[in-house]
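Engineer: Got a structure for you, questions after.
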Amino acid sequence: MSEIKTQLVVLGAGPGGYSAAFRAADLGIDTVIVDVRETLGGVCLNVGCIPSKALLHVAKVIQEAKHLSAHGVTFGEPTFDLDKIRGWKDSVVDQLTKGLSGMSKMRKVKHVQGYGKFTGPNTLEVEGKDGKTTITFDNAIISAGSEPVSLPFIPEDERVIDSTGALEMRDIPGKMLVLGGGIIGLEMGTVYHALGSKIEVVEFLDQLMPAADKDIVKMYMKTIKNKFTTMLETKVVGVEAKDDGLYVTFEGKQAPAEPVRYDRVLVAVGRKPNGSLVAAEKAGVTVTDRGFIDVDKQMRTNVSNIFAIGDLVGQPMLAHKAVHEGHVAAEVIAGKKHYFDPKCIPSVAYTEPEVAWVGLTEKEAKEQGVDYEAATFPWAASGRAIASAATDGLTKLLFEKDSGRLIGGAIIGTNAGEMLGEIGLAIEMGADAEDIALTIHAHPTLNESIGLAAEIFEGSITDMPNPKAKKK
Amino acid sequence: MTNLIDIIVPDVGGDEVEVIELCVEIGEAVDAEASIVTVESDKASMDIPCEGAGTIKSLNVKVGDKINQGDILGQMESSAATPVPEAELAPAEAEQETPKAAAPEAPAPVSPKEAATASQGTKTIEVKVPDIGDANDVEIIEMLVAEGDTVEPEDGLITLETDKATMDVPAPEGGKIISLAVKVGDKVSEGSLVLTLEVSGASDAEPTAQSAAAPEPTVVAEAAESPAVQQDTARKAPPVPHHPSAGGKSSTGKVHASPSVRRLAREFGVDLTLVKGSGRKNRVQKEDVQSHVKYELSRPKMNPGSSAGTGSTGGGLQVLAQPNVDFAKFGEVEEVPLTRIQKLSGPNLHRNWVTIPHVTQFDEADITDLETFRKEQNAIAEKRKLGVKITPLVFMMKAVADALKQYPAFNSSLSASGEALVMKKYFHIGIAVETPNGLVVPVVRDVDKKGIMEISKELMEISVKARGGKLKSADMQGSCFTISSLGGIGGTAFTPIVNAPDVAILGVSKSEMKPKWNGKDFEPRLMLPLSLSYDHRVIDGALAARFAVHVSGALSDLRRILL
């Protein structure tokens, strides 16, 4: 049993954890990072954001090659070498985790591998492969993340997988049920569909991606109608594992009468925080019934030397939120009077097409009683979108009516996630429609659609009929 | 024949005064000497009368404005061909009219922008007092708006004070105030009409009653934080860097500041809603936050002691802020707002206490003979039915006036530069008077020239006035020296605070029979304790001791005053 004494221990090496650890180290704090995995990067790098994007890239190119036949370029039917695809995905993960490991060494952040649990307000015990390590710390940051929710009535069967299992890509199932119409399920559905699986999606609520606005999701439904079968307002009530497949019984609006056979069931009904898995109560930290840890705007828990960040402090469970929270926690520990004080946090579904939104959605604006006006630019009116065969897209901006201040935006279409950055920056900077409309956007780009949507609000649009023209 | 004349602020006794009430409305016909506005200085409130009779045509001021002598309050159309000659400044308190419920029209100046929005289809709504809990007959303690003001939705209109808390009644919608139906001091209940609001650009579909009753009153936890007070501090002309205050107008969520500016504001604990942005479209820049912090650190504080927890240091002094204690933890508590006089005099007392190096000289006077004499005179006065009662205080005033003559340094003030003394050739003495609303200091003029009876009579009048809150500003100005007598209550000594610009103050405690050695044996003598606080920058200790001995001597043997 070894002992370590440090100024700061970070429990969990996901994007939030390693960002916090690196920031702290750069601010001169002696830092130790603890994680179960051998590599840094957590779920995001190892079994989340990054590997899924590698596979989505493959899926996208397959789809585009197919579409090209309509424009006179025809490729042969693709053949898939699963080992190679998986190998490529793994190499992406490898490259990034190696990079992290190098940066960690450079910063002299010590990595202790193992399962860390608190034993007191200043002590943590890590159970690793090579025995126990006791870490005595001044401050701690809990960044233990979240894990997929599993459903109790679904039998344990290797054909029932979660996102991690889906990323392993053991084979390409003939028919896969995606249980849950959220971002993760739809992304994996997109990948497997491109590789040839038949995909059916079941969602309990009346809309896929429930957080996004209806008009955006409606367009998404239009684009996927030939790819996925969707069952909305429907739930799974039973899964029976038989030799020839998993027989799933449904209930609800679009439920098939008889149980349906699937080769695979991907359970993607959400993620639950790991707050209750680190024995935080031994340190005096309060964990909610659902496993979240409450923090203040400086990411401090109810115990003054213990901070928490990322998925386990609350929604949205997104890496980029965790990174910023991690920086704040590290800076506060280093004595800076910083606060986690964003106006907006972007959300992106890397589906085909991408769906992205930031700031207020119309739904939220209505709930909050904000007097807003939406301006939507359809990509069918964009030269670049037409030329790129990407007319299935919308750029929608929400403005506060009085001030013209941008309060939210949503984009569906190719590269929507990349375009979202401008909207987020504009919200943070307090830009109004005029500011955005007067910013010259390059032509022809998809990004241009943001400037054009602002022009619609302003009543200065010329690329489309101008509904406000007469009033001006 | 009519002619328009300006209503000009007369001599209001020095500094700027605050308008606390408008007594007339535009279009109202007024008699000569009718009160136009009520103003309040740091010493007293008074009415400003109009010169002649006529009709009020315009008013340029609203409640909360600061005005000075010579400012134009508004215009009136005189009904007489020639203006009535100005009468002596005699505020007609009794004639003060109660403002009528409905005002006929909005004041003249309307900005082009307002006019434009008004033309876009407006509607008029009546703003009523919303549900304010069980409280009925709640007093209006502050009017936050005046007729003609433009308000945003949720802006405070009036402040109500219940036995539990003060709360603002917010505007249900933005628009222009057409008329006020209430004034400070009125009692209102749920549903009482507050004012009429012209809503700009409103849709006709909205039912009036619904929109008028919708908003909940915002409860203001601390009186010190009410918008009106914030506005006060924002308007106060600072002797320091420019003050980028947004005027205390809190527009939550509408602050225009980038993430880096928000971070800076967080570091310094600056509430960005209070910072006026200098950038394009009022965007708050880093420089705005910096100058706001500079201003907040250097500006005089309304009440630094109680502003603890709001991030301020101790009123420009480098001291810790008061800890924010939740007294309710220790037992039942109740929060009672400071009276107006307390709020006004607090900062003055605090300034005097921290800026004047105080020393207090203790002494006692043998008033055995004086008391015998005084009682004899009172008995005679009663027999003759003079209606005057002589108090010991009158003799003290005479004794002090005599001592001031002997020691002119005590009858001086430091010049503004602090490098010269202003020596006074008159002998006005301030008397600290306890009133139900707080401490006031009326002044008796030319004490040296007046007789005991005359001063006694004047004192009686003054204290009646003071306790009735009827003192005028002029009654409380021009003192050379102050006497604070607690003799009627008790105590052996205390350390009074010099009432600047005076340089000394005499505290008087309760007289007591004491054994005094007369050279052969102990004799019972009635001894009066004296506590003389003085500004050590002006007065030396030896001089103060002499002054105290002189006062003591004069009281022991009044004949000495004649010498």
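Engineer: Can you tell me how many residues in the stretch A:300-344 are over 21 Å from A:L277 (Cα atoms) and in a loop (DSSP other than H, G, I, E, B)?
Structural biologist: Counting residues in the stretch A:300-344 that are over 21 Å from A:L277 (Cα atoms) and in a loop (DSSP other than H, G, I, E, B) gives 11.
Engineer: Does the stretch B:446-454 include one or more residues that are on the phi > 0 side of the Ramachandran plot, in the same structural domain as B:V359 (by TED's automatic domain parsing) and at pLDDT 90 or above? Reasoning before the result, please.
Structural biologist: Start the filter on the stretch B:446-454 by keeping residues that are on the phi > 0 side of the Ramachandran plot, which leaves B:446.
With in the same structural domain as B:V359 (by TED's automatic domain parsing) added as a condition, the list becomes B:446.
Still in the list and also at pLDDT 90 or above: B:446.
The answer is yes, given that some residue of the stretch B:446-454 is on the phi > 0 side of the Ramachandran plot, in the same structural domain as B:V359 (by TED's automatic domain parsing) and at pLDDT 90 or above.
Engineer: For the subset of the stretch A:314-331 comprising residues that are away from every other protein chain (no Cβ under 14 Å), among the hydrophobic types (A, V, I, L, M, F, W, C) and under 12 Å from A:Q298 (Cα atoms), which member is surrounded by the fewest Cβ atoms within 10 Å (Cβ to Cβ)?
Structural biologist: A:A330
Engineer: If we scan the stretch A:92-105, do we find a residue that is touching a Cys at 6+ places or on another chain (Cβ under 9 Å), touching a residue at least 60 places away in the same chain (Cβ under 8 Å) and not acidic (D, E)?
Structural biologist: First, the residues of the stretch A:92-105 that are touching a Cys at 6+ places or on another chain (Cβ under 9 Å): none.
No, because not a single residue in the stretch A:92-105 is touching a Cys at 6+ places or on another chain (Cβ under 9 Å), touching a residue at least 60 places away in the same chain (Cβ under 8 Å) and not acidic (D, E).
Engineer: While we're looking at this one, here's another question. Would you point out the residue of the stretch B:163-189, among those that are surrounded by fewer than 17 Cβ atoms within 10 Å (Cβ to Cβ) and assigned to a loop (DSSP other than H, G, I, E, B), that is modelled with the lowest pLDDT?
Structural biologist: Here is the first cut: in the stretch B:163-189, the residues surrounded by fewer than 17 Cβ atoms within 10 Å (Cβ to Cβ) are B:163-164, B:183-185, B:187, B:189.
Add one more test, that the residue is assigned to a loop (DSSP other than H, G, I, E, B), and what stays is B:163-164, B:183-185, B:189.
Values: B:D163: 59, B:K164: 54, B:K183: 82, B:V184: 81, B:G185: 79, B:S189: 81.
Ranking the qualifying residues of the stretch B:163-189, first place goes to B:K164.
Yes or no, residue by residue, for (1) closer than 27 Å to A:H320 by Cα; (2) of a type in the set (D, E, K, R); (3) touching a Lys or Arg at 6+ places or on another chain (Cβ under 7 Å):
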| residue | (1), (2), (3) |
| --- | --- |
| A:L100 | yes, no, no |
| A:G128 | no, no, no |
| A:E147 | yes, yes, yes |
| A:S163 | yes, no, no |
| A:I172 | no, no, no |
| A:G185 | yes, no, no |
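Engineer: I want to confirm something. Restricting to the stretch A:31-75 and keeping residues that are hydroxyl-bearing (S, T, Y) and part of a helix (DSSP H, G or I), which single residue is surrounded by the most Cβ atoms within 10 Å (Cβ to Cβ)? Can you show your working first?
Structural biologist: Of the residues in the stretch A:31-75, the ones hydroxyl-bearing (S, T, Y) are A:31, A:39, A:52, A:69, A:74.
Applying the additional criterion that residues be part of a helix (DSSP H, G or I) yields A:52, A:69.
Working: A:S52: 22, A:S69: 10.
Here the answer is A:S52.
Engineer: State all residues of the stretch A:332-353 that are within 19 Å of the chain's Cα centre (by Cα) and either away from every other protein chain (no Cβ under 14 Å) or closer than 13 Å to A:A322 by Cα (or both); if no residue qualifies, say none. Spell out how you get there, then give the answer.
Structural biologist: Filtering the stretch A:332-353 down to residues within 19 Å of the chain's Cα centre (by Cα) leaves A:342-353.
Within the stretch A:332-353, A:P342, A:I345, A:P346, A:S347, A:V348, A:A349, A:Y350, A:T351, A:E352, A:P353 meet the criteria.
Engineer: Report yes if A:L8 is buried (at least 21 other Cβ atoms within 10 Å of the Cβ) and more than 21 Å from A:P173 (Cβ to Cβ), otherwise no. Spell out how you get there, then give the answer.
Structural biologist: Numbers: buried (at least 21 other Cβ atoms within 10 Å of the Cβ): yes; more than 21 Å from A:P173 (Cβ to Cβ): yes.
Yes.
Listed here are the residues, each with its yes/no results for (1) of a type in the set (G, A, S); (2) surrounded by 14 or more Cβ atoms within 10 Å (Cβ to Cβ); (3) closer than 22 Å to A:L318 by Cβ.
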position	(1), (2), (3)
A:F399	no, yes, no
A:I412	no, yes, yes
A:I436	no, yes, no
A:A442	yes, no, no
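Engineer: Here is a follow-up. Need at least 1 residues that are more than 26 Å from B:F373 (Cα to Cα) per element, so show me which strands (runs of 3 or more DSSP E) inside the stretch B:416-527 make the cut, counting only ones lying wholly within it. Don't jump to the end; show me each part of the working.
Structural biologist: Numbers: elements: B:421-423, B:429-431, B:433-435, B:438-440, B:481-485, B:504-508, B:512-517.
Here the list reads B:421-423, B:433-435, B:438-440, B:504-508.
Engineer: Which one of these is surrounded by fewer than 19 Cβ atoms within 10 Å (Cβ to Cβ) and under 26 Å from the mean Cα position of the chain (by Cα): A:G102, A:G131, A:G116? Quick ask: steps written out before the conclusion?
Structural biologist: Values: A:G131 fails: under 26 Å from the mean Cα position of the chain (by Cα); A:G116 fails: surrounded by fewer than 19 Cβ atoms within 10 Å (Cβ to Cβ).
Among A:G102, A:G131, A:G116, only A:G102 is surrounded by fewer than 19 Cβ atoms within 10 Å (Cβ to Cβ) and under 26 Å from the mean Cα position of the chain (by Cα).
Engineer: Kindly evaluate A:T391 against the criterion of being surrounded by fewer than 24 Cβ atoms within 10 Å (Cβ to Cβ), in contact with a helix residue (DSSP H, G or I) (Cβ under 6 Å, 6 or more places away or on another chain) and more than 30 Å from B:L264 (Cβ to Cβ). I'd like the intermediate steps shown before the answer.
Structural biologist: Numbers: surrounded by fewer than 24 Cβ atoms within 10 Å (Cβ to Cβ): yes; in contact with a helix residue (DSSP H, G or I) (Cβ under 6 Å, 6 or more places away or on another chain): yes; more than 30 Å from B:L264 (Cβ to Cβ): yes.
Taking the combined requirement at face value, the residue satisfies it.
Engineer: Those residues that are under 21 Å from A:G291 (Cα atoms) and β-branched (V, I, T), I need them from the stretch A:149-163; list them, please.
Structural biologist: Residue satisfying the conditions is A:V149 alone.
Engineer: Exactly one condition in (1) aliphatic (A, V, I, L, M); (2) away from every other protein chain (no Cβ under 14 Å); (3) surrounded by fewer than 24 Cβ atoms within 10 Å (Cβ to Cβ) is not met by A:I427; state its number.
Structural biologist: (2)
Engineer: Hey, another quick one. Determine, yes or no, whether A:I183 is crowded, with 19+ Cβ neighbours inside 10 Å and closer than 23 Å to A:E364 by Cβ.
Structural biologist: Working: crowded, with 19+ Cβ neighbours inside 10 Å: yes; closer than 23 Å to A:E364 by Cβ: yes.
Yes.
Engineer: On to the next question. Scanning the stretch A:430-449 for residues that are of a type in the set (S, T, N, Q) and more than 14 Å from chain B (Cβ to nearest Cβ), which turns out nearest to A:T395 (Cα to Cα)? If you could, list the steps in order and put the result at the bottom.
Structural biologist: Quick first cut of the stretch A:430-449, residues of a type in the set (S, T, N, Q) only: A:439, A:445, A:447, A:449.
Of the ones still in play, those that are also more than 14 Å from chain B (Cβ to nearest Cβ) are A:445, A:447, A:449.
Values: A:T445: 13, A:N447: 9, A:S449: 6 Å.
Going through the qualifying residues, I end up with A:S449.
Engineer: Can you name the residue in the stretch A:354-373 that is among the charged types (D, E, K, R) and free of Cβ contacts under 8 Å to residues at least 12 places away in the same chain and, of all such residues, is nearest to the other protein chains (Cβ to nearest Cβ)? Quick ask: steps written out before the conclusion?
Structural biologist: Pass one, the stretch A:354-373, residues among the charged types (D, E, K, R): A:354, A:362-364, A:366-367, A:371, A:373.
With the extra rule that they be free of Cβ contacts under 8 Å to residues at least 12 places away in the same chain, the set shrinks to A:366-367.
Numbers: A:K366: 16, A:E367: 15 Å.
Once the filter is applied, the top-ranked residue is A:E367.
Engineer: Give the residue that is farthest from the chain's Cα centre (by Cα), with candidates limited to residues of the stretch A:136-190 that are farther than 30 Å from A:K5 by Cα and in a strand (DSSP E or B). Even if it seems obvious, please write down each step before you answer.
Structural biologist: In the first step, residues of the stretch A:136-190 are kept if they are farther than 30 Å from A:K5 by Cα; the result is A:148-190.
Adding the requirement that they be in a strand (DSSP E or B) leaves A:148, A:160-161, A:175-179.
Values: A:P148: 13, A:V160: 22, A:I161: 19, A:K175: 25, A:M176: 22, A:L177: 21, A:V178: 17, A:L179: 17 Å.
Looking at the filtered set, the residue picked out is A:K175.
Engineer: Yes or no: the stretch B:466-473 includes at least one residue that is surrounded by fewer than 14 Cβ atoms within 10 Å (Cβ to Cβ), in the same structural domain as B:E382 (by TED's automatic domain parsing) and closer than 29 Å to B:D366 by Cα.
Structural biologist: No.
Engineer: Also, I was wondering about something else. Within the stretch A:45-69, track down each residue that is of a type in the set (S, T, Y) and either within 23 Å of A:G16 (Cα to Cα) or at pLDDT 95 or above (or both).
Structural biologist: At the first step, the residues of the stretch A:45-69 found to be of a type in the set (S, T, Y) are A:52, A:69.
Within the stretch A:45-69, just A:S52 meets the criteria.
Engineer: If we keep just the residues of the stretch B:348-383 that are assigned to a strand (DSSP E or B) and touching a Leu at 6+ places or on another chain (Cβ under 8 Å), which is farthest from B:V549 (Cα to Cα)?
Structural biologist: Residues of the stretch B:348-383 assigned to a strand (DSSP E or B): B:358-366.
With the extra rule that they be touching a Leu at 6+ places or on another chain (Cβ under 8 Å), the set shrinks to B:360-366.
On the way: B:T360: 14, B:Q361: 10, B:F362: 10, B:D363: 7, B:E364: 8, B:A365: 8, B:D366: 11 Å.
Restricting to residues being assigned to a strand (DSSP E or B) and touching a Leu at 6+ places or on another chain (Cβ under 8 Å), the top hit is B:T360.
Engineer: So, in the stretch A:76-99, how many residues would count as being surrounded by 11 or more Cβ atoms within 10 Å (Cβ to Cβ) and part of a loop (DSSP other than H, G, I, E, B)?
Structural biologist: Summing the residues that are surrounded by 11 or more Cβ atoms within 10 Å (Cβ to Cβ) and part of a loop (DSSP other than H, G, I, E, B) in the stretch A:76-99 gives 2.
The values are calculated or read from the model by the stated rules, or taken from the named source; none is laboratory data. From a predicted model like this one, the values you see are computed outputs, not experimental measurements. Methodologically, a virtual Cβ is constructed for each residue, glycine included, from the backbone with ideal geometry; neighbour enumeration extends over all protein chains shown.
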